[in-house]
Structures are given as C-alpha cells and as structure tokens.
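Below is one structure; the comments refer to it alone.
The values are calculated or read from the model by the stated rules, or taken from the named source; none is laboratory data. As the structure is a computational prediction, the values presented were derived from the model and not from experiment. So basically every Cβ, Gly included, is an ideal-geometry build from the backbone, and we count neighbours across all protein chains shown. Accessible surface areas use protein heavy atoms only, side chains included; no ligands, DNA or RNA. Shrake-Rupley method; radii C 1.70, N 1.55, O 1.52, S 1.80 Å.
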Amino acid sequence: MFHPESMSRLLIVASKQQLEPVITELYRMNIFHIDDYVEKGDDEWDGFRIGMPLAGADVSSAALVKIRSIASAFGISKDMVSDSERSSILELKGRIEEDLPALSEEVEKLLATRNKLESETKEYEQKIDSLRPFTDAPAPLELLQGFDTISFIAGYAKEPVNLSVPHEKWENSSKSANFTILAVNNSDVSTAEKELLDFQFQKIQIPQETGSASHIIQEYEQKIEELKKEIAGISAQMETIKNRHEFFLMSSEEFLTGSVEQAEAPLRFATSEHAFSVTGWVPSSKVAKVFENLDRVCASKVYISELEVEDYNEMPPVEYHNPDIAKPTQLFLDLYSRPRYTELDPSLVMSILYPFMFGLILGDVGYGLVLLVVALGLRSFVKGSEAGTQLIGILRNCSISSIIFGVLFSEFLGFSLPWQPFWLSRHINIGGSGASEHALEEATTHGMAAAAEHASHIPELLVLSVWIGIFHITLGRLWGIRNSAVMDHGHHRSLKMFSHVGWLLVMWGILIAIWSFAAIPLMPDLTGSPAIIAGMNVPLIIGIILAVIGLLLIARENPLDLMEVPTIISNVLSYTRLIAVGLSSVAIAMVTNFIAIDMIVSPQLKSMSIFGIVLIIVGIVVFIIGHVGNTALGALGGGLHPLRLHYVEFFTKFYRGGGRKYTPFGMVRRLIEQN
C-alpha cells in the first residue's frame with residue numbers, strides 16, 4: 001500500500017536455438033522488465049556482445065512504417081477502433097503480404113495528387129492576395145511594367161506621398177494606410193525610393209499578370225473552386241478506404257509493433273557465438289510463472305536464476321501497488337517524480353488529502369455537481385489514455401468531495417441550503433452590521449445573509465487549515481525519518497534521521513510556546529499554567545527546551561540549515577490558503593447572486609413590462625456567466641493550491657523520487673488474438 005510492488009531480479013541464459021522461443025514467451029507474458037546489456041569491457045562478460053536483430057526485422061519494420069504512414073494520413077489511432085472483434089495472426093500475416101503493398105501504393109498516389117492540388121490552391125490564393133491591392137488600379141497590370149524609361153513603384157504609405165522628382169501618382173486611401181502607385185523616370189528611381197522612406201512606405205511587387213486585377217482574381221477564384229472539388233473527391237475516396245481498412249490497419253499496426261519489438265529484443269541482450277543472456281525484473285509474486293512458462297516452451301533447455309540484489313535503492317524498477325482509490329493520484333507522483341523502490345509511496349495519502357483540500361476550497365453542492373457531470377461526460381473522450389483516465393478520476397473524486405463539503409457548509413451556488421451548517425460556516429454577512437433591515441430581509445430572501453454567529457466561524461476555519469498543515473508536515477517529517485533509516489547508510493543515516501527529529505521538535509516546541517501565552521480557538525489552551533521561572537510557565541519552558549534541542553539536532557547535520565528555521569512558521573501558515581481561496585469563491589458566488597437576482601431580476605418581478613422581461617433575461621445571463629466563471633476559477637484554485645501544498649510543503653520533508661518506471665517487455669493486445 002505504501003510500498004511499490006516487490007521485485008525480483010532474474011537471469012536467463014540459454015543457447016541461441018532458444019532465443020526466439022524465449023523472446024516470444026517473455027513478450028506474451030508481459031511481466032519481464034529487461035535491463036539493457038551495455039558493453040563495459042569487464043572480465044565478467046568477456047566474449048559477450050550486444051545481439052543482432054532476428055531475421056525478418058527489416059521487413060516487419062518497413063511494413064510498420066507503411067502502416068503508420070497510412071494511419072497518419074487517415075488520422076486514425078488504436079483508441080478510435082472498437083475492440084469488440086479481434087483478428088487472427090495468420091489472417092493478418094496473409095493480408096499484410098497481399099493487401100498492404102497495393103493499399104500503400106493507392107494511398108500514396110491519392111496523397112500525392114491531393115498534395116499537388118492543395119499546393120496549386122495555395123499558389124492561386126497567394127496570387128489573389130498579391131492582386132487585391134490593384135483591383136481599383138487605373139490601368140491594366142501589363143501597363144504598370146515593362147517600359148524602357150519609366151518605372152512603377154507600388155506600396156502602402158501612412159500619409160499622402162509627395163516627391164521632389166518628377167512623377168505621376170495614383171492613390172487609394174483607407175483608414176489604415178494609403179495604397180499608392182508611382183510612375184517615375186528610371187534615372188530618379190533611387191532618389192524616389194530614398195524619399196519614400198520618410199513616408200514609411202512599404203513597397204510591394206507589381207504582379208506579373210495581364211489584364212484587370214479584378215478579372216484575374218475572378219478567374220483564379222473559379223480555379224480554386226474547381227481544385228477544391230477535386231480535393232473533396234480525393235478526400236471522399238480516402239474516407240471510403242479508411243472506413244474499409246481501418247480495423248485492418250490498426251490491428252496490423254498492433255501486430256507489427258509486437259513483431260518489431262520482439263525482433264529487435266536481442267539488441268538488449270548479451271550474446272556470444274552460441275548462447276545469450278538477459279537480466280531483468282519481475283514482480284516477486286510472478287517469478288514462479290516465469291520459471292514454469294520458459295521451462296515449458298524451451299523443453300527445459302533454459303537456465304533461470306533469481307539473482308541477489310546489491311542495492312535496492314537504485315536498481316529495481318518501480319511499479320505502484322495501490323488500491324483503486326489511489327491510482328488516479330499516481331499521475332501527480334509521475335509528474336513530480338516516481339518514488340524510488342525503497343521509499344514510501346505517498347499516493348494513498350495524497351488520494352485522501354488532495355480531494356479533502358479541494359472540497360475545503362470549493363465546498364459547494366452546485367459547483368460539485370457541475371464538475372461531477374463534466375467528469376462523467378469526459379470519460380469517453382479520454383478512453384485509452386492512462387493519464388486522461390487518471391485526471392478524470394481525480395476530478396470525479398474532487399467533485400464528490402466538493403458536494404460533501406457543500407452539504408456540510410450548507411452551500412449551493414452561493415445560496416444557503418434549508419439547513420444550518422453542520423459545524424463551521426463560510427457564509428459571509430452581506431451588508432454587515434450596519435445594513436438596513438430591508439437590505440437584510442432582501443439578502444435573506446435570496447439565501448445570501450448569514451446568521452450573525454456564522455461570521456465568527458471564519459477564524460475557526462483558518463485554525464482548522466493550520467491543523468491540516470501541522471498534521472501534513474508532521475507526517476512528512478516522520479516519513480523522512482523512516483526513509484533516512486532505510487535509504488541512507490553509516491553516519492549520514494543517523495545525521496539525517498536526527499535532523500528530521502530536530503525539525504519536528506522545533507515546530508512542536510514553537511507551537512507549545514505559542515499555546516502557553518495565547519488562547520487560540522480549536523487549539524490547546526495552556527495559558528492557565530502558573531508562571532514558575534522569570535514569568536514563564538511550564539508549557540513555555542517545555543516549548544523552549546524542545547526548540548533548542550531541535551536546533552542542535554538540525555545544526556548537527558548542517559549548520560546552514562538553521563537559516564531555514566523561519567520557514568517552519570511560513571510552511572504551516574501556507575495552509576490557510578485553503579480557507580482564503582475558498583472564501584473568495586464564496587464571495588464571488590454571493591455577489592453574483594446579489595447582482596443578478598437582487599439588483600436586476602427581483603425589482604422587475606414587482607411590475608412586469610417588456611423592458612423588465614429584457615432585464616430578467618440579462619439577470620439570468622449574468623447569473624449563468626458569473627457561476628460558470630466562478631466554477632472554473634474554483635476548480636483551478638482548488639486543483640492548484642492543494643497540489644502546491646503537497647509538492648512544496650509535504651514532499652520536500654521526505655520525498656526523494658527518481659525511481660525507474662516498470663516497463664515490462666510485451667503489450668496488452670486489444671485488436672488481435674492473444675497467441
């Protein structure tokens with residue numbers, strides 16, 4: 001639960017005659033994580049070299065490239081294909097040999113033709129863009145070029161152009177710029193171009209065309225329409241081919257991917273002239289299965305041994321071993337860094353605390369229901385994507401937490417539910433103590449007024465968030481002690497362990513000292529203890545002693561770490577963001593309701609009119625936009641802030657990461673028969 005899957009390291013050795021059966025069976029089992037062989041030139045592996053691919057690897061690889069090229073052209077993937085039926089391997093082999101060459105040739109021809117037509121279309125579109133400025137030109141395009149003594153200059157200027165050299169000009173003014181065509185003597189061209197710089201003149205090329213620009217544009221647009229019809233016809237042909245061969249292409253891609261991976265597997269093995277060797281990792285619970293299956297397929301002509309592991313901290317790959325509820329939050333661990341094999345896996349704790357913190361921020365039944373509907377609706381769109389499925393699982397859990405906290409807080413889209421908050425209230429007293437009775441009655445009517453006693457619960461909620469921080473950080477330090485005990489060695493291990501103890505003593509010493517002279521709601525009140533020395537009571541003395549001992553233990557490992565002691569307070573207080581961000585969401589919801597209903601809709605209900613109906617519609621729009629925006633902001637804040645608290649305040653106390661992902665040699669076949 002808090003540890004990854006237990007792994008065992010195996011060594012497999014056999015003659016080269018058994019190479020292909022061993023590879024095939026390992027791939028079928030899909031449980032053996034291969035450690036790639038690297039030539040180091042040591043005596044232990046003298047005579048062994050990296051192996052060569054199996055026969056037929058180049059043929060399978062070439063066919064796979066063709067399949068993927070066609071699939072890319074069609075825009076299809078395995079996730080888009082139903083796995084309700086499966087292809088047999090023998091059937092696929094025959095179709096790949098017989099149908100794939102002709103299919104590939106046909107698709108390549110269609111693609112080449114379509115690309116040619118699309119290229120011609122783009123050329124015509126570019127020509128049209130270059131012709132548009134000249135649609136109102138005073139002369140056909142052939143008369144704006146080709147003279148021996150006169151040159152034409154065309155372009156855009158921000159203001160009317162006046163040159164010192166003899167010239168003729170035509171201008172077409174618009175709001176943004178003046179399109180200008182100038183005719184100057186060839187001998188004055190350089191002077192004219194220099195003077196045009198003062199007008200911020202942007203020169204454009206005069207198209208090499210004959211006739212009126214508007215007529216030429218019409219001709220090109222007609223050609224573009226014809227080309228688009230041809231492109232549409234080719235696309236329809238490709239769509240027909242795609243629908244007819246989609247399943248074949250994706251099942252062939254799955255089969256060929258497996259064939260290529262198996263054929264290239266010897267590149268990861270150590271081989272000699274007559275034998276091969278491979279080492280890898282298998283879940284300890286499945287070691288017997290490897291022994292049994294390889295012994296069967298090789299007719300007992302294979303040697304398998306379970307190796308002794310020298311350093312579990314670095315070597316084994318990591319496979320999570322969590323209950324279903326914790327699997328979605330494994331995504332956050334992988335985004336940060338997968339845990340090492342010997343350290344504690346915080347996925348389960350995070351799967352509980354992350355939704356809890358989210359609900360504390362966005363504790364509203366309405367918003368929770370909206371997010372739950374979104375999560376359920378998006379499930380079909382992320383089918384086949386592990387990360388997408390995990391993210392939807394996180395959103396689902398968080399939305400359920402939001403609904404539960406909404407019930408506890410008695411909140412629904414900023415309104416009060418028909419019951420009082422079960423423990424602590426987040427309702428904000430709109431209007432304050434100085435509000436008129438009428439205003440308070442109106443606010444109460446729309447569920448926006450909180451009882452006077454509710455306002456006092458905000459300090460308690462802030463204290464609750466501090467308790468969450470204290471628990472979170474304490475757990476992190478306790479796990480840090482455990483990780484140091486298991487993962488470190490020698491004198492460094494004791495230094496690290498006592499350093500974590502020191503941080504705990506300092507934090508709790510400060511807390512006890514604060515409780516000794518300040519009464520804080522929902523926290524121990526130690527102010528009643530009598531003073532015994534220099535005005536200090538027993539709890540204060542105990543707190544100071546704990547803090548001093550903690551500082552000594554911290555300095556024992558690294559004196560520079562003492563500079564980080566003030567972060568103890570800031571880390572704990574950082575958890576108050578859970579309430580602060582949540583209160584901002586409550587305020588936005590209540591203000592949205594006040595503006596939309598109390599200020600816009602309610603006055604119109606007293607005397608209905610056409611204008612009043614329009615205002616009611618406006619109020620409804622304001623209500624919807626306000627709550628949709630608040631849902632998005634609440635989901636963003638509720639998602640990022642708990643994640644930040646885990647990454648920065650929690651993980652930094654114990655988590656090291658850097659584990660290798662367990663990637664077994666093989667695949668789970670979806671579209672072809674398991675064989």
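In table form, for the structure just shown:
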item: Residues whose placed amide H lies under 5 Å from that of H167, excluding near-sequence neighbours; result: none
item: Peptide ranges 515-522, 466-473 listed from the most packed, as the mean C-beta count within 10 angstrom indicates; result: 466-473, 515-522
item: Mean Cβ count within 10 Å, highest first, over the residues of peptides 94-101, 403-410; result: 403-410, 94-101
item: For M7, distant residues with modelled amide H under 5 Å away; result: S284
item: Vicinal HN-Hα couplings computed from phi for the range 351-364 (Karplus, 6.51 cos²θ - 1.76 cosθ + 1.60; Hz; Gly/Pro x); result: 5, 8, 6, 5, x, 4, 5, 4, x, 5, 7, 10, x, 9
item: Whole-Å distance, taken between Cα centres, linking the range 148-188 and the range 401-423; result: 72
item: 10 Å beta-carbon shell around E673, net charge (K/R +1, D/E -1); result: +1
item: S84-V618 FRET efficiency (beta carbon distance; Förster radius 60 Å; 0.05 resolution); result: 0.75
item: Whole-Å semi-axes of the ellipsoid equivalent to the range 66-183 (Cα gyration tensor, √5λ, descending); result: 60, 17, 9
item: 3J(HN,Hα) from dihedral phi, the range 180-195, Karplus parametrisation 6.51/-1.76/1.60, rounded to Hz, x for glycine, proline; result: 10, 10, 10, 10, 9, 5, 4, 5, 9, 4, 5, 5, 4, 5, 5, 5
item: Kirkwood Rh and Cα Rg combined as Rg/Rh, the chain; result: 1.11
item: Selected from I217, M250, V282, residue furthest toward positive end of dipole (the range 191-284; charges at beta carbon); result: V282
item: Between the range 94-113 and the range 260-318, the Cα center-to-center distance that results, in Å; result: 39
item: Under 14 Å from the Cα of K653 - aspartates and glutamates, other chains or at least 8 residues apart; result: E343, D345, D561, E564
item: Dimensionless Rg/Rh of the range 118-208 - Kirkwood Rh, Rg from C-alpha atoms; result: 0.99
item: Residue-normalised accessible area of the chain, given per residue in Å² at a 1.4 Å probe; result: 51
item: Spatial separation of Cα centroids for the range 578-623 and the range 514-548, in angstrom; result: 50
item: Cross-link pairs K116/K228; K16/K289; K109/K223; K383/K661 - those with Cα-Cα distance over 20 Å; result: K16/K289; K109/K223; K383/K661
item: Solvent-accessible area, 1.4 Å probe, carbon plus sulfur percent, for the chain; result: 60
item: Order by protection proxy (mean Cβ within 10 Å, highest first), peptides 60-73, 212-225, 165-178; result: 60-73, 212-225, 165-178
item: Length added when fully stretched, I545-E159, from 0.36 nm per residue minus Cα-Cα; result: 130.9 nm
item: Cα→Cβ-extended label distance, 7 Å offset, between Q145 and V382, nm; result: 5.6
item: Computed [θ] at 222 nm, helices only, for the chain once each DSSP H run of length n ≥ 4 contributes -39500 (n - 2.57); result: -18000 deg cm²/dmol
item: Neighbour cut-off at most 10 other Cβ (10 Å), DSSP loop, GluC sites (Glu not before Pro), the range 270-348; result: E273, E308, E310
item: In Hz, Karplus ³J(HN,Hα) per residue of the range 69-76 (6.51, -1.76, 1.60; θ = phi - 60°; x = Gly, Pro); result: 5, 5, 4, 5, 5, 7, x, 10
item: The range 300-394: chymotrypsin sites (Phe, Trp or Tyr not before Pro) in DSSP coil with no more than 16 other Cβ atoms inside 10 Å; result: Y312
item: Amide hydrogen neighbours beyond the local backbone of A275, cut-off 5 Å, H modeled; result: K16
